[in-house]
1. Would you check if there is a residue in the stretch 61-68 being β-branched (Val, Ile, Thr), in the same structural domain as HIS200 (by TED's automatic domain parsing) and surrounded by 18 or more Cβ atoms within 10 Å (Cβ to Cβ)?
2. Against the conditions (1) modelled with pLDDT of 95 or more; (2) assigned to a helix (DSSP H, G or I); (3) buried (at least 20 other Cβ atoms within 10 Å of the Cβ), where does ILE202 fall short? Just the number, please.
3. Among the residues in the stretch 208-218, are any under 27 Å from HIS75 (Cβ atoms) and touching a residue at least 12 places away in the same chain (Cβ under 8 Å)?
4. Whether any residue in the stretch 174-184 is assigned by TED's automatic domain parsing to the domain that holds VAL28, outside any loop (DSSP other than H, G, I, E, B) and not charged (D, E, K, R) is what I want to check.
5. Answer yes or no as to whether ALA73 is in contact with a strand residue (DSSP E or B) (Cβ under 6 Å, 6 or more places away or on another chain) and either more than 22 Å from LEU163 (Cβ to Cβ) or surrounded by fewer than 18 Cβ atoms within 10 Å (Cβ to Cβ) (or both).
6. Evaluate the following for LEU162: is it in contact (Cβ under 8 Å) with a residue 60 or more places away in the chain, surrounded by 19 or more Cβ atoms within 10 Å (Cβ to Cβ) and not polar (S, T, N, Q)?
7. Residues that are touching a Lys or Arg at 6+ places or on another chain (Cβ under 6 Å) and under 30 Å from THR232 (Cα atoms), at least 1 per element: which strands (runs of 3 or more DSSP E) completely within the stretch 1-106 meet that?
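The values are calculated or read from the model by the stated rules, or taken from the named source; none is laboratory data. Please read these numbers as outputs of a predicted model, since none were measured by experiment. For neighbour counting, all protein chains shown are included, and Cβ atoms are generated from backbone atoms with ideal geometry for every residue, glycine included.
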Amino acid sequence: MAQPILETRGLTIQFGAHVAVNGVDFTVAPQTFTSIIGPNGAGKTTFFNLLSGQLRPTGGTVAMNGRDITGLAVHERTRLGIGRSFQITNVFPNLTVLENVRMAAQAVGGGSFRLFSHYKKFKHYEEKARYLLAKVHLDGKSEQIAKNLSHGDKRKLEIAILLALEPKMLLLDEPTAGMSLEEVPAIIEVIRGLKESGEHTILLIEHKIDMVLDLSDQLAVLFNGRLLAHGTPEEIMSNELVQTAYLGGLYDDAVTG
């Protein structure tokens, strides 16, 4: 069996008397697509924050490719290849779409101290940015100011920025949050393209169960901060413990929200 790209052992974080993530043992194989599901308050985003370094655990460890990264800061984990998106879009609103992605490419390529130099000095970064914009279907909007994009297109731009950082693993936190029903298929298509490229390991938090079942190789179910189950979509959907705990409610959420 290949070494996991990501592994947690006993991962725990406690806020006062509240244990938000409780003793989670979790492994992710390289180049797989895993969705983390669970009801609101289950600890999903907190778990992502522990993986990406936004939070430090009160117990347990996080390892990447066999290396203990529990004590590393966010930027150090980014350099190792962990790319994280958030429920709220995180772009430079007053720059063009192209400039947003080019700046991220420069930061990786060593041009980070000259981010606002004229783009012609960094032609190869511009070419890389255009390539990534095509991957997320924004190549026709490269000169638009980012703040003028639709919410769905801002999510695509955020993914392109993440890709410019050359991550080995993508952590996508509810990428369809706040989108209209009309915008959702386009972002699903972008994520499907990332999966089919085989270039990334992807962890997804998402409440849209149809999307999760369609895209995922594995599902991990969090409930009250604990890992309730981890397996293929078929195994999870037939797991009586998962069904008893909350799955009917998840379907209700998917239908109503």
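1. Restricting attention to the stretch 61-68, the residues satisfying the condition of being β-branched (Val, Ile, Thr) are 61-62.
Then drop every residue that is not in the same structural domain as HIS200 (by TED's automatic domain parsing), which leaves 61-62.
Filter again for surrounded by 18 or more Cβ atoms within 10 Å (Cβ to Cβ), leaving 62.
Yes, the conditions are met somewhere in the stretch 61-68.
2. (2)
3. Restricting attention to the stretch 208-218, the residues satisfying the condition of being under 27 Å from HIS75 (Cβ atoms) are none.
No, the conditions are met nowhere in the stretch 208-218.
4. Keep residues of the stretch 174-184 that are assigned by TED's automatic domain parsing to the domain that holds VAL28, which gives 174-184.
Then keep just the ones that are outside any loop (DSSP other than H, G, I, E, B); that gives 184.
From the residues that got through so far, the ones that are not charged (D, E, K, R) too are 184.
Yes, the conditions are met somewhere in the stretch 174-184.
5. On the way: in contact with a strand residue (DSSP E or B) (Cβ under 6 Å, 6 or more places away or on another chain): no; either more than 22 Å from LEU163 (Cβ to Cβ) or surrounded by fewer than 18 Cβ atoms within 10 Å (Cβ to Cβ) (or both): yes.
Answer is no for this residue.
6. Numbers: in contact (Cβ under 8 Å) with a residue 60 or more places away in the chain: yes; surrounded by 19 or more Cβ atoms within 10 Å (Cβ to Cβ): yes; not polar (S, T, N, Q): yes.
Judged against the criteria, LEU162 is a match.
7. On the way: elements: 6-15, 18-28, 33-37, 59-64, 82-84.
The qualifying strands (runs of 3 or more DSSP E) are 18-28, 33-37, 59-64.
Rundown of residues vs (1) charged (D, E, K, R); (2) surrounded by 21 or more Cβ atoms within 10 Å (Cβ to Cβ); (3) assigned by TED's automatic domain parsing to the domain that holds LEU138, yes/no style:
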| position | (1), (2), (3) |
| --- | --- |
| GLY16 | no, no, no |
| PHE33 | no, yes, no |
| GLN54 | no, no, no |
| ASN94 | no, no, yes |
| ASN100 | no, yes, yes |
| MET103 | no, yes, yes |
